[in-house]
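Peer 1: Next up is a structure, given as structure tokens.
The values are calculated or read from the model by the stated rules, or taken from the named source; none is laboratory data. All values derive from a computational prediction rather than experimental measurement. Every residue, glycine as well, gets a Cβ built from its backbone with ideal geometry; the counts of neighbours run over all protein chains shown.
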Amino acid sequence: MENKPPDSMLRPMPRWIFMSRWLQAPLYIGLIVAQGVYVWQFWLELVHLIGVTTTKGVSESEIMLIVLGLIDVVMISNLLVMVIVGGWETFVSRLELENHPDQPEWLSHVNAGVLKVKLATAIIGISSIHLLKTFINAQNYEEKVLLWQTLIHLTFVLSALAIAWTERITNPHPAPAH
């Protein structure tokens, strides 16, 4: 019996279905473009911060709000990297970074469940920054807005806990330590 590579043994329909994963490639390229937009946004905010700090009469709260905006941009950018790199590795094709010195340590054990938990915790971090910005500037918001933002944040926290718990019970073998 002749040894055929696994791909050539697939019937046409399963092969076509398997190749359809490459339809996601333009989506990931679009996210890379979005990453570029966030880099641009970061620099605009940084220039704004430098400009504001050179004028007199700027409060610490105003500086803190701008810095939190910078942190927010970085956290969203980190989320994009996780989705781009982890999603590509999980759903499209291997990146083959095993011996690369800059390979993210979490990438070696990423799967759809781990990626969901990481994304959920990143969303909580981003939501926390937004909530902190709102609380610092609370005098400019109605109580109803403060309440809703807090409830939405708590919903993100509960959702992340539910995702992590579901991942733990459906995949009881712990991931390798970082």
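Peer 1: Yes or no: residue 132 of a type in the set (A, V, I, L, M, F, W, C), over 17 Å from the mean Cα position of the chain (by Cα) and modelled with pLDDT under 85? Spell out how you get there, then give the answer.
Peer 2: Details: of a type in the set (A, V, I, L, M, F, W, C): yes; over 17 Å from the mean Cα position of the chain (by Cα): yes; modelled with pLDDT under 85: no.
No.
Peer 1: Every residue in region 81-116 that is surrounded by 15 or more Cβ atoms within 10 Å (Cβ to Cβ) and basic (Lys, Arg), please.
Peer 2: Once the filter is applied, which keeps residues that are surrounded by 15 or more Cβ atoms within 10 Å (Cβ to Cβ) and basic (Lys, Arg), region 81-116 yields only 116.
Peer 1: Any residue at all in region 144-151 that's within 17 Å of the chain's Cα centre (by Cα), at pLDDT 85 or above, surrounded by 14 or more Cβ atoms within 10 Å (Cβ to Cβ) and of a type outside the set (Lys, Arg)?
Peer 2: no
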